[in-house]
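A short write-up of the structure that comes next.
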Amino acid sequence: MVEIGDSRRRRFVSAQDVAERAGVSRSAVSRAFTPGASISPKTLAKVQAAADALGYQVNHLARGLLEHRSRIVGIVAYDPQVPFRAHMVEALSRALIERGNVPAVISIGHTPEELANASAQLLGYRAEATIFLSGSPPASLVDVARRNGLTLILINRAETGVDSIRCDDRDGAQQAFEVLRMTGASRFAVVTMTKPSASLAARERAFCDFAAKCDASVVVGRGERSDYYGGWQTMRALMAQDALPEAVFCVNDLMAFGVIDALRDAGANVPADVSVVGFDDVPMAGWASYRLTTLRQDPMRVAKETIDILDQREANPDSPPMSVTFPVELVVRETVRGLR
């Protein structure tokens, strides 16, 4: 912001300020910053010189509102600082900026009221789209969004009638079970949370299904949260039972880190005594203190699929809901016996 004229009130340089300095009309300034608009080279040069001198920047928000599109894309997430979500937010933000959008990250709580409030704010600012990393939008929001032409995209959420992108949770759980079965283990455990999201529940359910087909014994441990402490707490509870599991599948990496440390605290060796597999492949998974074998979700792949959906929605706003499932990749490190 700069000071204009005699007024000491600080404000942004306007197109009218540029027009007055250049000695041209306000519409000439508008044409100068509109790709493909008709304007003489002489006038264009005068406008650009004035804009450079004043430090003028086009007000994309105002222009977008006039065109009924702000280019804002909301990214709604609970605890966006959590490693996997932070990694996802970064990839999405980079891809959106490259597309010409303005990413707006909104941190929410668990309640439907907080989700609805965040969504209402984005509608109020005429956001082009909203990407949900946490929470599923209520049916009322879906209806309002559709009537206002707002694109909704869910990532790793279970919902019908809305564009969605999800990793292949079932295939990932199968890969986890198969690699753990190769250790010769007979006692398996799944570590998850008491009230899992749809994606975490799908991983748990799939792992237990594959184990049942092989007549393998599986115990499910549940923590209060799907974070480090939740994993640590759950593993401590499992160790208090009669027999220590020989192979543990954790529904995300944060819980796996807690599981590994709980085992080490109790004097157990990973992977000699217990093999552990996580899910997500957050950057910490590769740290020397963990070297976690896990299933990788590629944030860049998710970002690409998101941009593809936005482009398709822009071209065909009334097309049926799109659903994309992307594969996960087993990343072998040092927490599964016999793989290294």
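When the alpha carbon coordinates of the chain are projected onto the principal axes, the ranges are 85, 41, 34 Å, largest first.
Return the percentage of antiparallel bridges among DSSP beta bridges fully within the stretch 136-266, rounded to the nearest 5 %.
On the way: 0 of 14 bridges.
So the antiparallel bridges amount to about 0 percent of the total.
Would you work out which of ILE108, GLN121, PHE132 lies farthest towards the positive end of the dipole of the chain? Charges go on Cβ: Lys and Arg +1, Asp and Glu -1. So the residue we want is GLN121.
Expressed in units of 2.2 N^0.38 Å, where N is the residue count, the Cα radius of gyration of the stretch 149-203 is 1.50. Percent of Cα pairs in the stretch 169-297 per distance bin of 10 Å, from zero to the largest separation: 14, 52, 32, 2.
What separates the Cα centres of the stretch 227-271 and the stretch 303-337 is a distance of 31 Å. Counting only alpha carbon atoms, the long axis of helix 299-315 and the longest principal axis of the chain meet at about 50°. Candidate cross-link partners of LYS304 among the lysines, defined by an alpha-carbon separation under 27 Å and a same-chain spacing of 8 or more, are absent. Just to confirm a number: summing +1 for Lys and Arg and -1 for Asp and Glu over residues other than GLN312 whose beta-carbon lies under 15 angstrom from that of GLN312, what do you get? Value of the local net charge: -4. Helix 198-213 and the longest principal axis of the C-alpha atoms of the chain enclose an angle of approximately 30°. In the chain, the longest principal axis of the Cα atoms and the axis of helix 41-54 are about 60 degrees apart. Restricting attention to the chain, close to 10% of DSSP beta bridges with both partner residues there are antiparallel.
Each value in this text was obtained by applying a stated rule to the coordinates, not by laboratory testing. Fair warning: this is a prediction, and the values are worked out from it, not measured in the lab. Note: ideal-geometry Cβ built from the backbone for every residue, glycine included; neighbour counts use all protein chains shown.
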